[in-house]
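What follows is a short report on a single structure.
The values are calculated or read from the model by the stated rules, or taken from the named source; none is laboratory data. All of these numbers come straight from a predicted model, not from anything done at the bench. Positions of Cβ are backbone-derived with ideal geometry, glycine not excepted, and every protein chain shown enters the neighbour counts. Surface areas here come from the heavy atoms of the whole protein model, side chains and all, with no ligands, DNA or RNA. Shrake-Rupley method; radii C 1.70, N 1.55, O 1.52, S 1.80 Å.
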Amino acid sequence: MARNILQRVEQVVQIHHVCRQLNLSCLRSLSTRQWRPAQFPSPSFLSAVRHCPHASPFLKMTAQQCRFLSAKKILIPKQKEYKKEKSMPVKVKEQKKVVEVRHNMTIRELAKAIGREIDDIYETLIYSNYNVDHLKPSSVLTDEMLKASVKKAGMKFRFAEKKIEKVMENKDAVKRGPADPSLLVPRHPVVTIMGHVDHGKTTLLDQLRKSQIAAMEAGGITQHIGAFSVRLASGDKITFLDTPGHAAFSTMRERGANVTDIVVLVVAAEDGVMKQTIESIQHTRNAKVPVVLAINKCDKPEANPERVKTELLSHNIVCEEFGGDVQAVHISALKGENVEALTEAVVTLAEILSLKADPTGLVEGTVIECRIDKGKGPVTTAIVQRGTLKKGAVLVAGKALAKVRLLLDENNTMLNEVLPSMPVEIVGWKELPSAGDEILEVESEQRAKEVIEWRKYVEQQEKVEEDMEVIEGKQKEQRAAHSKHMEAYIGMNWRQRLRATVRARYGVQRPSEKTTLDKERLSVIIKGDVDGSVEAILDVLDTYDADDTCELDLVHFGVGDISESDVALAKTFNASIYGFNVNASKSIQDIATKSEVPIKLHKVIYQLFDDLKEELSGRIPELTEETVKGTASVLALFDVTEGKKTLQVAGCRVQKGFLDKKMKFRLIRNNNVLWEGSLTSLKHHKNDVPTVKTGVECGLSLDEDVEIQAGDEIICFEETTVPQKISWDPGF
């Protein structure tokens, strides 16, 4: 009995425990307001109750229901659900690369700083609405352009801290101050022969030094500046400079006037004052140099020396006969007449001038001409103006230095020393200086390098300033153009403005709106024998003013024979090579032929420019010209049946010239062109004829169905292509 009661109590306790757990599970589900599995007694406990032999049927049924509910989700009345926010991954903001920039950076330096190509910098500037046509990799960028370029590249910028740059010390070489009068010694004069081309300057010099230079000059004209000394019968010595008289060598004549003591102005007695004569007078006046007038070719019957003197009065050249101070000597350079009197006039003037120089200390001089010699390398012709030049001296001219190895005179004779007023060829230059550069002697090669480094630094600073001026000018133009462009947007709505902006930036146009004009272009490479010749050619090229017809692009220029690198450069730029008094070896010519690079060699400067003008003219499209061959008037119209077709035939009479069936025709009514084309037939009576002459009647039909009326005019014309000529005039 007691045992049964104990079992019943135990069952009640177990049922109570199960109900308590069910209640807790329901409360927990309601508190979270989500569908969750119910929390029931463990499966092992339920299994023990169901298989217990002493458990009542009610307890076993309860355990069975608990087992069923443990496999289900308890459905809770649906209320407003709040989903628990899922933890999204936090995106880390990408950090942009910071580029350190500085003021006045070039395009090349900026590309290196941001690790991009130079073309990428150009692209960023284009998309920032900057004009990059005038920019080069070495061009300096403004701060606004730097910022815009870095931002378009997807980076940030930071200006580097301004460093206090140490100002480079001026280590340039300069001329010495005035010499001590006690050190001055007399020197012989430097005389420049100037005048118009073919007035006999070089022939006069031939008489002075008994040479045949004029016979060796290509084209019979002087094309180089020469320097040589002449010892007269009296024992006096004169250094002569022979300058070209051709119009292309203006710079050479100016340089000759600036280094001379006396100018001998040669004027032909039969020609009088010419263009280069006037130019020579101007150079002489600018250099403030005294003049001796040599009236040449006085042996000719048509010579008129008095006319020459009178013409020179208008140019402030007043001869002694007219109360002036200019000596005039009548000579014949070809026959040698009165040449001695001319030299005496020069020596007399030199004595009046009392020319002196200091032969001590560091050398000062001027480069007259430069060239590249195959055996000697860079060679300069110079005039020493102060000091005594010797072998081993260290010289600076422009940005070139030399340690003198050889000193040669005009006869290629070696000299040990060169005194003031003496011309000399200097061998030993590391690089080729420019004609007209000032020569200064320095103490050592180290000092020479310091001078050159300073001069390059100054040149770089000047270039930076020039670039900044160009950039500022372009920016002003861009701002003005932008303001004018924005005026066109006034009154537009946002859609119209956006469409116009896109079209302006990216060039979106309809095919009918595109009007691109491809200009012709000629690229050239210039090579000359001496620096002065190249300088003269470039001076003439600077006058080119026909870029609107055909652009002239100077790719490269230099001194010396044509090399393989010149041919390679010409092939790259599709250029022509023009050589003046230079050679091209057989191997170079073979390479040029294979590369299809034209090499044009000339020994006379005006022939070179004639060839260049001809090539420029060949790049211009030919013109089509019309020549009217005949006119006819329409008298009547007829319908002619040919097979199943009915053709309209115009009965005409030739009023002027003739009609040729092979040529083109034009139908005109009241001065308006109604048709242009060819004839399908041309007949006289019933016969087909090729031509019809003036006064003859004929019948003709057109190749198109055009309404013809009596009184219309038929014109027969011929089209011919005519080559154009470049409008550029180099001045000779």
Considering every residue within the range 611-625, establish whether at least one is touching a residue at least 24 places away in the same chain (Cβ under 8 Å), over 54 Å from the mean Cα position of the chain (by Cα) and buried (at least 18 other Cβ atoms within 10 Å of the Cβ).
-> no
Residue set E438, E431, E417, E443; condition closer than 16 Å to S229 by Cα and of a type outside the set (G, A, S); output residue E417
Of V582, V628, the only residue that is β-branched (V, I, T) and either open to solvent by 70 Å² or more (accessible area, probe 1.4 Å) or under 30 Å from G657 (Cα atoms) (or both) is V628
Restricting to helices (runs of 4 or more DSSP H) lying wholly in the range 121-218: which have 2 or more residues that are modelled with pLDDT of 80 or more?
-> 143-152, 201-209
Restricting the range 394-409 to residues that are outside any strand (DSSP E or B) and under 39 Å from the mean Cα position of the chain (by Cα), the one farthest from E431 (Cα to Cα) turns out to be G398
Selection from the range 257-274 of residues that are assigned to a strand (DSSP E or B) and in contact with a Lys or Arg (Cβ under 8 Å, 6 or more places away or on another chain) = V266, A268
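Residue by residue, here is whether (1) in contact (Cβ under 8 Å) with a residue 40 or more places away in the chain; (2) farther than 16 Å from V628 by Cβ holds:
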| position | (1), (2) |
| --- | --- |
| Q648 | yes, yes |
| F658 | yes, no |
| R666 | yes, no |
| N670 | no, yes |
| K683 | no, yes |
Give me a count of the residues in the range 308-323 that are among the small types (G, A, S) and either on the phi > 0 side of the Ramachandran plot or buried (at least 16 other Cβ atoms within 10 Å of the Cβ) (or both).
-> 1
Got a sec? Which of S595, S565 is open to solvent by 70 Å² or more (accessible area, probe 1.4 Å) and among the small types (G, A, S)?
-> S565
Which one of these is within 23 Å of V530 (Cα to Cα) and among the acidic types (D, E): E351, E425, E340?
-> E425
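Results for (1) of a type outside the set (S, T, N, Q); (2) touching a Phe, Trp or Tyr at 6+ places or on another chain (Cβ under 7 Å); (3) within 30 Å of K664 (Cβ to Cβ); (4) not in a helix (DSSP H, G or I), shown as yes or no for each residue.
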position: D539; (1), (2), (3), (4): yes, no, no, no
position: Y544; (1), (2), (3), (4): yes, yes, no, yes
position: D561; (1), (2), (3), (4): yes, no, no, yes
position: K571; (1), (2), (3), (4): yes, no, no, no
position: E596; (1), (2), (3), (4): yes, no, no, yes
position: K600; (1), (2), (3), (4): yes, yes, no, yes
position: T631; (1), (2), (3), (4): no, no, yes, yes
position: V634; (1), (2), (3), (4): yes, no, yes, yes
position: F638; (1), (2), (3), (4): yes, no, yes, yes
Report yes if S512 is at pLDDT 85 or above and polar (S, T, N, Q), otherwise no.
-> no
Given (1) in contact (Cβ under 8 Å) with a residue 40 or more places away in the chain; (2) open to solvent by 30 Å² or more (accessible area, probe 1.4 Å), index of the condition Q461 fails | (1)
For the range 275-307, what are the residues that are part of a loop (DSSP other than H, G, I, E, B) and exposed (fewer than 14 other Cβ atoms within 10 Å of the Cβ)?
-> K288, K300, P301, E302
Filtering the range 414-457 for residues that are surrounded by fewer than 16 Cβ atoms within 10 Å (Cβ to Cβ) and part of a loop (DSSP other than H, G, I, E, B) leaves a count of 5
Please verify whether the range 711-718 includes one or more residues that are in a loop (DSSP other than H, G, I, E, B) and either closer than 30 Å to M274 by Cα or within 46 Å of the chain's Cα centre (by Cα) (or both).
-> no
If you go through the range 361-384, how many residues are in contact (Cβ under 8 Å) with a residue 60 or more places away in the chain, part of a strand (DSSP E or B) and open to solvent by 30 Å² or more (accessible area, probe 1.4 Å)?
-> 2
Within the range 341-393, of all residues that are within 32 Å of the chain's Cα centre (by Cα) and over 20 Å from V259 (Cα atoms), the one modelled with the lowest pLDDT is K374
In the range 661-693, which residues are hydrophobic (A, V, I, L, M, F, W, C) and either over 56 Å from the mean Cα position of the chain (by Cα) or outside any strand (DSSP E or B) (or both)?
-> M663, L682, V689, V692
If we keep only residues of the range 326-360 that are more than 21 Å from P178 (Cα to Cα) and assigned to a strand (DSSP E or B), then the residue most open to solvent (accessible area, probe 1.4 Å) is E337
From (1) hydrophobic (A, V, I, L, M, F, W, C); (2) under 30 Å from W728 (Cα atoms); (3) at pLDDT 90 or above, pick out the condition that doesn't hold for L616.
-> (3)
Could you tell me whether the range 633-652 includes any residue that is over 52 Å from the mean Cα position of the chain (by Cα), open to solvent by 60 Å² or more (accessible area, probe 1.4 Å), within 15 Å of C716 (Cβ to Cβ) and not aliphatic (A, V, I, L, M)?
-> no
